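J.: Quick one: the structure is below, questions incoming.
The values are calculated or read from the model by the stated rules, or taken from the named source; none is laboratory data. Fair warning: this is a prediction, and the values are worked out from it, not measured in the lab. Here Cβ is always computed from backbone atoms with ideal geometry, including for glycine, and neighbour counts include all displayed protein chains. Just the protein is used for accessible areas: all its heavy atoms, side chains included, with ligands, DNA and RNA removed. Shrake-Rupley method; radii C 1.70, N 1.55, O 1.52, S 1.80 Å.
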Amino acid sequence: MRARMLTFTGQNSPVHRLTGAAKLIVFILWSVSAMITYDTRCLLAMLLLSLVVFRMSRVKFSDYAFVLYVILLFFMLNQIAIFVFSPLEGTRIYGSRHDLVHLVGRYTVTAEQLFYQLNVALKYAVVIPLAILFLLTTDPGEFAASLNRIGVNYKIAYAVSLALRYIPDIQRDYEQISFSAQARGIDLSRREKLPKRVKNMISILTPLILSSIERIERISAAMELRGFGAGRRRTWFRSRPFAFADWLAVGCVCAIAAASAVITFYDGSRFYSIF
Amino acid sequence: MARRNGLSIITVVAIGIGSALFVILGRFGSIPSGIPNTSIETTYALLALFSLLYGPVAGLLIGLIGHTLKDAIFYGSPWFSWVISSGLVGLIIGLASSRISIADGHFGRKEIITFNVAQVAANAIAWFAVAPLLDILIYAEPADKVFTQGLVAGAANMVTVGVIGTLLAAAFGKTRTKQGSLRKLN
Amino acid sequence: MSNTIIEFEHFSFTYRSQQEPTLRDVTLSIAAGEKVLIAGPSGSGKSTLAHCLNGLIPFVHKGTADGRLSIKGRDPRELSIAAVSGMVGTVLQDPDGQFVGLTVGEDIAFGLENRGVPLAEMNRRVTAAAAAVGIEELLGASPQELSGGQKQKTMLAGILALNTDILLFDEPLASLDPASGAQVIEWIDRIAQETGKTVILVEHRLEEVLHRPVDRIIVMEEGRIVADCPPAKLLASEVLTGARLREPLYLSALKYAGCTITEEMQPQHPDKLQLGEYQFARLREWQADRAGGLVYPVYQPLLELKEVTFSYGKRPMLQEVSLTAGKGEMLCIAGRNGAGKSTLSRLICGLYKPDSGRILLSGRDIGRDSVRERAQHIGYVMQNPNHMLSKHLLYDEIALGLRLRGFGEEEVREKVLKTLHICGLLPFREWPVSALSYGQKKRVTIASILVLEPEILILDEPTAGQDYGSYHEMMEFLLELQQRGITVIIITHDMHLMLEYAQRTVVLAGGRKLADGRPENVLADKGVMDSANLRETSLYSLARRAGFTEPAEFVRTFIHDDRRRRQ
């Protein structure tokens, strides 16, 4: 039942040493750029760069291998779904049609479709290394401070920190509740039919959620007692001042974002065509 | 629940714990429905309940934070179009059901109808319109594909919240009822 | 009285949701630098009094107050909760609810962050506070890696970092094992002495708190103060007998032996206690009158674990553990966090499968039985009743397991009513579960398992967080079940429970079985106690002082006499 998750690995690398706030800004600008552009040249350049950064971080393959498989599976399914639903999407976008192989019915593989789907693939490939890297190299304790630093209200930033703090506790509660439910004869496995499974799930959700609501009351009383929310601002134990490397990273990502936007929209279209 | 500067502490904590629950239920609490690629995501029942209890801001942020963390921790990268839609579901349910004061323990027929009208509207807007449109805008995916996916997911979530969400809200309401007239029996 | 720091004058308080006042006409003053224990059973108003001090009343819990209250010359009701928390630092009983930081360091810093203390100063104060309670090595540890005692120390460091004048502890021992509890009491005492701060402890565990001296004990009952005097005077009086608080065990033993406790004997600590030949003679006489004649029943083996080994991933959790639980026996399992107690119960219930070794029930290997099949014979009751309750009405909650097994409503009704009767819940059968008290809810969870007629009942900390009265009720109830022939296995670190009720104690340490025998013998072994985070009870030291060569024998006599007197 215990699922593996991406968690902070405390190595020492240039990427680990960057402040959380700098990494957050890089990740956000990078993701937005990758979302906007459909320019193959930009995407390829960004992919290359993200792999270089990935190497620099020295994270271990075993720390993220399991998500890689999930991502690859999702990737394949999504590619197939795009083709099934819209085999001529590429032709529609690029306005030309070069048939390669005819399959059945309306399904024909075109060069435009392959190129379009390559671009879709690239868009994911560009974001994923940095997303994984962000999670593996950012200490969760620094995360809330970073959010607040980039302008998020401190209470909302602290809510994110609370979520990270209580995920393991709630997972433990969930495991214990489902354990005791099973011992009472509540079957959660696939053997049961759907309505029964839903019903059984409810008898786990009810105690989990009702006890969480009580927990919310206890935690907020404890936080009141410790003076949370009294001031307009708060300081953060885990905040760190920006170092040269942080400014450098933020500067680079701004430059990349600007360059990619200019290149992409130079000819008035998001899509770069080779046809 | 807003007070002093911005959010009250109980709302902040509800956002934190709600997001943590969203992550755990998003990972463990989904039941395959038997229809391929569609499952009963119990986590949306939780989102609906918390939006009802703690209001639209909490609903919005639980959707955004919970969904981002769930995608990030377990799947490596957040899928932003759906993250935003989850936030929207929480926001709309919170706004539309703000007249239900469940804290007093009253969750009868009238409240159930209001709650369900709210959740159906929220899910329809989020999954039938916003999520597919964002998919097209952000990822330039084919319209047919994303609208079909949205339709299936939205319908499944309406059923999930309609059944499980309503039952959870009723269960919560009952714990808050005034127990004035209880007598020991012999 | 110029140095009075806290003053209640004819103070009463009624919660908004209640009709009766919870505090009635309380008049109390505490001087700066004093160390005071506020004792009383659950519902006596002691926690409400604490909430009036730290500002939870009236800022979080609403109600109406009468009379005067001042802290450092100001009425907290006219301030804000943040201002009150600048004068009174509070440690609460639930370590998971108040530990909000992702690591020890962040949590200690939490109050400083909220006050906007600059980073450099914050670092200095956090390091100093951590060093003051001896957790400087743990600054980077997450709460999931900490024991209950380490979490409580983190809380203590958190209020020290804020440098408030008053330190308030609201049931700090509730979730701690005996050794960690003693340690926390020692740290509190050290800090009180070093800083001269005013310390207020709210607890019902008198003997445990008195491990280190306090200046004054205030006993509360039904919202009123019934005693307010130095510990020695209180212990020499009769107040405790009426107040549903457990008196220190060594004093009970002396009283049973016919000795009178006087203030001059210094009864507040077993090591300070002045005893002479007169008392020793009475003790020996009492022991001699009752020695021998105690016969212990022999139990038929019901559940047998044979060299069970289990690892979680690569981490070994249990190594070659063998143990037997007899039919109708009450067995306690003790050990510190991570010793393998909960792994053991999960193996028995079938949630985990052993890597090697066998588990037998009535001689039959149940290794291949599913969780559900084993549930016919073995019931498991969780520590937190709220984690088990999912139905609105008591009746439906108890019927749940039967309905899942496809019993007809007729039969369900019959079995549920019978179980309700056994559990003393029959008068509540039409009540919603949420209207019950914590102890009653706990009983409902036991009933919901009992209705399935298991032969073995495994309970995780059934008495944790309960006062003496509810502890006693719960244990007498379990004793009744045992007398009906049910095997009761209890995971606990309550040593008195083991001595008073169990026939056997098994101690686990580092995934291995360390001891297995009569509780009074196991609890006499210093090495075993240390590795299980238990502490020697005061009865043993009293027995040694009185010159008994077999302290276990003395403890047995005490338990026996204690039972007889309370029946």
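J.: Would you say A:PHE85 is free of Cβ contacts under 8 Å to residues at least 12 places away in the same chain and either open to solvent by 40 Å² or more (accessible area, probe 1.4 Å) or of a type in the set (A, V, I, L, M) (or both)?
T.: For A:PHE85, the condition - free of Cβ contacts under 8 Å to residues at least 12 places away in the same chain and either open to solvent by 40 Å² or more (accessible area, probe 1.4 Å) or of a type in the set (A, V, I, L, M) (or both) - is met.
J.: Given the criteria of a type in the set (D, E, K, R) and within 12 Å of chain A (Cβ to nearest Cβ), does C:ASP96 qualify?
T.: The answer is yes for C:ASP96.
J.: Any idea which residue in region C:381-396 is nearest to the other protein chains (Cβ to nearest Cβ), counting only those that are over 17 Å from the mean Cα position of the chain (by Cα) and open to solvent by 50 Å² or more (accessible area, probe 1.4 Å)?
T.: Top of the filtered list is C:HIS392.
J.: Of all residues in region C:104-119, how many are within 16 Å of A:LEU164 (Cα to Cα) and either more than 7 Å from chain A (Cβ to nearest Cβ) or open to solvent by 20 Å² or more (accessible area, probe 1.4 Å) (or both)?
T.: Total satisfying the criteria: 2.
Per-residue answers, yes or no, for (1) within 18 Å of the chain's Cα centre (by Cα); (2) aromatic (Phe, Trp, Tyr):
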{"residue": "C:GLY465", "(1), (2)": "yes, no"}
{"residue": "C:GLU476", "(1), (2)": "yes, no"}
{"residue": "C:GLU520", "(1), (2)": "no, no"}
{"residue": "C:THR549", "(1), (2)": "no, no"}
{"residue": "C:PHE558", "(1), (2)": "no, yes"}
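J.: Specify which of the listed residues (B:ILE112, B:ILE102, B:ILE93) is more than 10 Å from chain A (Cβ to nearest Cβ), modelled with pLDDT of 90 or more, surrounded by fewer than 19 Cβ atoms within 10 Å (Cβ to Cβ) and under 27 Å from A:ASN200 (Cβ atoms).
T.: B:ILE112
J.: Residues that are part of a loop (DSSP other than H, G, I, E, B) and without any contact (Cβ under 8 Å) to a residue 40 or more places away in the chain: does region C:25-38 have at least one?
T.: no
J.: Mind listing whichever residues of region A:82-112 are in contact with a helix residue (DSSP H, G or I) (Cβ under 9 Å, 6 or more places away or on another chain), among the polar types (S, T, N, Q) and either more than 10 Å from every other protein chain (Cβ to nearest Cβ) or under 19 Å from A:GLY268 (Cα atoms) (or both)?
T.: A:THR91, A:SER96, A:THR110
J.: While we're on this one: Looking at (1) more than 29 Å from the chain's Cα centre (by Cα); (2) assigned to a helix (DSSP H, G or I), find the lone condition where C:THR64 falls short.
T.: C:THR64 satisfies all of (1) more than 29 Å from the chain's Cα centre (by Cα); (2) assigned to a helix (DSSP H, G or I) except (2).
J.: A follow-up question, please. For region C:526-567, list the helices (runs of 4 or more DSSP H) that sit wholly inside it and hold at least 3 residues that are β-branched (Val, Ile, Thr) and touching a residue at least 24 places away in the same chain (Cβ under 8 Å); which are they?
T.: Hits in region C:526-567: C:551-566.
J.: Can you name the residue in region C:433-462 that is among the polar types (S, T, N, Q) and open to solvent by less than 10 Å² (accessible area, probe 1.4 Å) and is also farthest from C:HIS387 (Cα to Cα) among such residues?
T.: Only one residue tops the list, namely C:SER448.
J.: Could I ask something else about it? Would a scan of region A:225-239 turn up a residue that is crowded, with 20+ Cβ neighbours inside 10 Å, hydrophobic (A, V, I, L, M, F, W, C) and in a helix (DSSP H, G or I)?
T.: Scanning region A:225-239, I find at least one residue that is crowded, with 20+ Cβ neighbours inside 10 Å, hydrophobic (A, V, I, L, M, F, W, C) and in a helix (DSSP H, G or I), so the answer is yes.
J.: Moving to a separate point now. Identify, please: which residue in region A:181-190 is at the interface with another protein chain (Cβ under 7 Å from one of its Cβ atoms) and at negative phi and is, among those, most open to solvent (accessible area, probe 1.4 Å)?
T.: A:GLN182
J.: Identify, from the list C:LEU53, C:LEU69, the residue that is within 12 Å of chain A (Cβ to nearest Cβ) and open to solvent by less than 30 Å² (accessible area, probe 1.4 Å).
T.: C:LEU53 is the lone residue from the list that is within 12 Å of chain A (Cβ to nearest Cβ) and open to solvent by less than 30 Å² (accessible area, probe 1.4 Å).
J.: Same structure, new question: When you check B:LEU61 against the structure, is it over 21 Å from B:ALA122 (Cα atoms), touching a residue at least 12 places away in the same chain (Cβ under 8 Å) and open to solvent by 10 Å² or more (accessible area, probe 1.4 Å), yes or no?
T.: No; evaluated as a whole, the condition is false for this residue.
J.: Would you confirm whether or not region B:77-85 contains a residue that is under 19 Å from A:LEU77 (Cβ atoms), under 11 Å from the mean Cα position of the chain (by Cα) and in contact (Cβ under 8 Å) with a residue 24 or more places away in the chain?
T.: no
J.: Also, quick follow-up: Quick one: which of A:ILE263, A:ILE202, A:ILE274 is more than 26 Å from C:GLN93 (Cα to Cα), assigned to a helix (DSSP H, G or I) and not assigned by TED's automatic domain parsing to the domain that holds A:GLN171?
T.: A:ILE263
J.: Let me ask you something else. Looking at region A:191-210, which of the residues that are open to solvent by 20 Å² or more (accessible area, probe 1.4 Å) and more than 7 Å from every other protein chain (Cβ to nearest Cβ) is nearest to B:LEU46 (Cα to Cα)?
T.: A:LYS199
J.: Can you name the condition, by its number, that B:ILE40 falls short on among (1) β-branched (Val, Ile, Thr); (2) within 7 Å of chain A (Cβ to nearest Cβ); (3) within 11 Å of the chain's Cα centre (by Cα)?
T.: (3)
J.: I would also like to ask the following. So, of the residues in region A:128-156 that are part of a helix (DSSP H, G or I) and over 13 Å from A:LEU24 (Cα atoms), which turns out to be modelled with the lowest pLDDT?
T.: A:GLY141
J.: Among the numbered criteria (1) under 12 Å from C:CYS423 (Cβ atoms); (2) modelled with pLDDT of 95 or more, which single criterion is violated by C:LYS442?
T.: Status for C:LYS442: all satisfied but (2).
J.: Of the numbered conditions (1) modelled with pLDDT of 90 or more; (2) within 9 Å of chain C (Cβ to nearest Cβ); (3) under 30 Å from C:TYR438 (Cβ atoms), A:ILE213 satisfies every one except a single condition; which is it?
T.: Against the list (1) modelled with pLDDT of 90 or more; (2) within 9 Å of chain C (Cβ to nearest Cβ); (3) under 30 Å from C:TYR438 (Cβ atoms), A:ILE213 comes up short only on (2).
J.: Considering each residue of region A:143-163, count those that are facing chain B (nearest Cβ under 8 Å), in contact with a helix residue (DSSP H, G or I) (Cβ under 8 Å, 6 or more places away or on another chain) and surrounded by fewer than 24 Cβ atoms within 10 Å (Cβ to Cβ), and give that number.
T.: 2
J.: Scan region A:1-59 residue by residue and report those that are aromatic (Phe, Trp, Tyr) and at pLDDT below 90.
T.: Matches in region A:1-59: A:PHE8, A:TYR38, A:PHE54.
J.: Moving to a separate point now. Hey, C:ASP177 hits all of (1) farther than 19 Å from C:ASP96 by Cα; (2) more than 14 Å from every other protein chain (Cβ to nearest Cβ) but one; which does it fall short on?
T.: (1)
J.: Related question: Hey, could you check region C:397-436 for residues that are outside any helix (DSSP H, G or I) and free of Cβ contacts under 8 Å to residues at least 12 places away in the same chain and say which is farthest from the chain's Cα centre (by Cα)?
T.: Applying the filter and picking the extreme gives C:GLY408.
J.: Restrict the check to region A:218-225 and report whether at least one residue is modelled with pLDDT of 90 or more and more than 7 Å from chain C (Cβ to nearest Cβ).
T.: There is at least one residue in region A:218-225 that is modelled with pLDDT of 90 or more and more than 7 Å from chain C (Cβ to nearest Cβ).
J.: Here is a follow-up. Would you check if there is a residue in region C:373-380 being buried (at least 20 other Cβ atoms within 10 Å of the Cβ), part of a strand (DSSP E or B) and more than 22 Å from the chain's Cα centre (by Cα)?
T.: Within region C:373-380, one or more residues are buried (at least 20 other Cβ atoms within 10 Å of the Cβ), part of a strand (DSSP E or B) and more than 22 Å from the chain's Cα centre (by Cα).
J.: Taking the stated definitions as given, is C:VAL555 in contact with a strand residue (DSSP E or B) (Cβ under 8 Å, 6 or more places away or on another chain), outside the structural domain of C:SER180 (by TED's automatic domain parsing) and hydrophobic (A, V, I, L, M, F, W, C)?
T.: For C:VAL555, the condition - in contact with a strand residue (DSSP E or B) (Cβ under 8 Å, 6 or more places away or on another chain), outside the structural domain of C:SER180 (by TED's automatic domain parsing) and hydrophobic (A, V, I, L, M, F, W, C) - is not met.
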